[in-house]
Amino acid sequence: MTLQGFQDYLYAVYERKNGTANSYIMAINIIDNLFKNNDVFGLEGKSVASIDDYGLLTRIAIFVCDEQRKYKKGGISFFSNVNSNQSSYPGKGFCSASINQLLKYYTYCLAESKGYDIANGNASGRSVSGELAKLFKLDKKGSEKVVAARIRIGQGYFRNMILKNYGYQCCVTRLNVPVILRASHISEWSKDKANRMNPENGLCLSATYDAAFDKHLISFDEDYRMIVSKSIRNFYTTDVTREYFQKFEGEPITLPSIYKPSKKLLEKHREMMVE
């Protein structure tokens, strides 16, 4: 991981003109400068954007979020010595937001390096899920904040893995705008620990279809053709609904070359379809 790499990642996610990427980069620079004066984690001048130690980055993320919360409440914190002309960055929450983006960048880097090697098609999806759960320590106990950070990183990695497996396009519409694509769990994250990180438990769907799938308004049959609930059919009289749903009903989705969606998990999903 590098600061330049993080910057390139942000510019790939956000348009330059809206200023969000630049605000996150400035927030990271502020954090780096504060750590130079108060080296709590022994970084020795190293940018937080270049840290590739999972545990350390998680602890720093929790620390920054906690200290920013203190600062916003007017208490003494790590950000108390921030320059007055930069006080809006911790004051408006940009510092914690930038760290959260950095965690997402971490998962992106991992997906492009050793982590994705686990999911290269040579193992079953269930065993991949187990290996990734170990990698991200998803089953390890810890404080509520540490566990939440692990889950956030694990979910970020799952998204990268699924989008990459589907060629960064919605499997229903083939829409290929990454920022509005979702990695949809077939079997819910919270209810199925064994398949949390299973690539066969994921579908790449654009936001509308992800929401409909999550609410069991659509699903897919044993031949991967889209089916819709009676609730959706009731709205087929509108042009919008016909365009979004009737148009694709009965049509097969675009499948990845490896780790096709589990038919067993899809069957369970169909059983929960809304009438």
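Side notes on the structure shown:
- Among Lys145, Lys73, Lys104, the largest mean-square fluctuation in a Gaussian network model of the chain (Cα springs under 10 Å) belongs to Lys73.
- Per-residue accessible area (protein heavy atoms, 1.4 Å probe) orders Glu144, Glu271, Glu131, Glu67 as Glu144, Glu271, Glu131, Glu67, starting from the largest.
- 14 Å Cα-Cα reach of Lys191 towards aspartates and glutamates, excluding residues that sit fewer than 8 places from it in its own chain: Asp139, Asp214
- Note on Thr237 and Lys70: the model spin-label points, each 7 Å out from Cα along the C-beta direction, lie 6.1 nm apart.
- In the chain, taking the dipole from charged Cβ atoms about the Cα centre, the farthest positive-side position among Val48, Gly250, Asn160 is held by Val48.
- Per-residue extension of 0.36 nm, minus the Cα-Cα distance of Thr254 and Ser143, leaves a gain of 35.9 nm for this segment.
- Element breakdown for the chain at a 1.4 angstrom probe: carbon and sulfur atoms account for 48% of the accessible area.
- Placing Phe6, Phe235, Phe248 in order of accessible area, with the largest value first and a 1.4 Å probe, yields Phe235, Phe248, Phe6.
- Residue with peak Gaussian network fluctuation, the chain [Cα springs, cutoff 10 Å], from Gln169, Gln246, Gln86: Gln86
- Counting only protein heavy atoms and a 1.4 Å probe, the chain has 51 square angstrom of accessible area per residue.
- A simple charge model with +1 on the Cβ of Lys and Arg, -1 on the Cβ of Asp and Glu and nothing else charged puts the dipole of the chain at about 540 debye relative to its Cα centre.
- Chain lengthening between Asn37 and Ala207 when straightened (0.36 nm per residue, less Cα-Cα): 56.9 nm
- For the range 178-195, 3J(HN,Hα) computed residue by residue from phi via the Karplus equation (6.51, -1.76, 1.60; θ = phi - 60°) reads x, 5, 10, 8, 10, 9, 8, 6, 6, 9, 4, 3, 6, 9, 9, 4, 5, 10 Hz, glycine and proline entered as x.
- Working note: 222 nm ellipticity from helices only, DSSP H runs with n ≥ 4, each -39,500 (n - 2.57), summed and divided by the residues of the chain, gives -14500 deg cm²/dmol to the nearest 500.
- Distance in nm between pseudo-label sites at Ser84 and Lys46 (7 Å out along the Cβ direction from Cα): 3.6 nm
The values are calculated or read from the model by the stated rules, or taken from the named source; none is laboratory data. Here the structure is a predicted model, which means the values were calculated and not measured. Cβ atoms come from the backbone with ideal geometry, glycine included; neighbour counts cover every protein chain shown. To get the accessible areas, we keep the full protein, side chains included, count just its heavy atoms, and leave off ligands, DNA and RNA. Shrake-Rupley method; radii C 1.70, N 1.55, O 1.52, S 1.80 Å.
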